[in-house]
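Q: Here it is, the structure, as structure tokens.
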Amino acid sequence: MTTTSIPPMPSEPPTAGLPDTTVYTPTPIGGADPAVPSLDEAAERFWAPAGRLLNDWWLKSGPEQVSTIASQVTQQVHTLLTETETQRAAREQIAYEDLVASQRAMRDAQFAALGETAEQRTERHRVEKVLAAGQRPYRDDLVHFVDMLGDRINETPDERAARKATELAIDKKRRRAAEDQRLAAAGETPELRSKRHRAQAVADKREAKQRSRQAARKAARATGPSDKVRRFRRWMLLTAISAYLGHACYLVQTAALGGPYVGLLLALFGFALDLKVRGHGLRVTEVRGFGPLLLLIIMRIPVASGLLVAVGADRLLAALPI
């Protein structure tokens, strides 16, 4: 059995020989705490610079600016209440011409700094004149605000729709003119620009046709229930003809081997094809003419056959003596 020897106790403490590190905490003379400013004094010190600035502004030009603003407001209110219609039209025409001249001078200076030539400036002025025909620039005076508010309150829904359509057409012209300038600066040739304009004209015709179809559908929804019943009967008749043709070409029998889910998938595929053929906007009941009706019936064979299988009516069609 082994024993562990215990070392003897040290004769001096571990901190012997180290320098004295007594912490000294300074205290004010007299032993009192330093004075803390009150909340009012701190706020006064914080707002003193702003107060001096406001005081200097008021002493230099404060009363003159306040009186100028008050006189302008008084003059506008007096003009609004006392001027006649002829005086208002003349004043607005002068203000309009001054504003147009200042805006054109500012644009000319900006484009001249970018290196615009005299020929380019003449062409830009011509395009701006065409696009700005019948348009008024933005104004922020009180008379214009009252006139605009009166126009918006008194306009009918048809007038509002016409105004919105005009604003959209003008905005499209502005955007396309800006696009022409940007592409011309990027190096677009006249042939490429003419080709792009033809594509835009085709897209505009397609958009106008779709918009007319939407308007026709909206008008059709507002009609009485008799027209809705007539449209439903026509849809049912065309769908039944398509389903019979699908049964005659054994599409219904083939889809019925897979069950209702296969019929549902076939109906979804046929519905997507039907929407693509109708341009995603033309109703089935809006198709007129022998040729378009025949094409519609043929294109709707998949969706009609799929619906027939999905609802389980394929056996009923097979049992009919046809």
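Q: Subtracting the Cα-Cα distance from 0.36 nm times the residue separation, let me have the gained length for residue 177 to residue 46 in nm, one decimal.
A: 41.6 nm
Q: Here is a follow-up. If the chain between residue 78 and residue 295 were fully stretched, how many nm would it gain, using 0.36 nm times the residue separation less the Cα-Cα distance?
A: 71.1 nm
Q: Any lysines with Cα under 23 Å of the residue 164 Cα? List them, leaving off those in the same chain fewer than 8 positions away.
A: 129, 172, 173, 205, 209, 218
Q: Give me the one-decimal nm value for the distance between modelled label points at residue 100 and residue 212, 7 Å along each residue's Cα-to-Cβ direction.
A: 3.5 nm
Q: Turning to a different aspect of this structure: Say each of residue 283 and residue 149 gets a label point 7 Å from the Cα, pointing the same way as Cα to Cβ; how far apart are those two points in nm?
A: Label-label distance for residue 283 and residue 149, simple model: 4.3 nm.
Q: How large is log10 of I(q)/I(0) for the range 157-223 at q = 0.13, 0.19, 0.21, 0.26 Å⁻¹ when the intensity is taken from the Debye formula with one equal scatterer per alpha-carbon?
A: -0.54, -0.88, -0.98, -1.17
Every read-out reported here was derived from the displayed coordinates using simple, explicitly stated rules and does not represent laboratory data. A quick note: this is a predicted structure, and the numbers were derived from the prediction, not measured. Cβ coordinates were reconstructed from backbone atoms using ideal geometry, including for glycine residues, and neighbour counts include every protein chain displayed.
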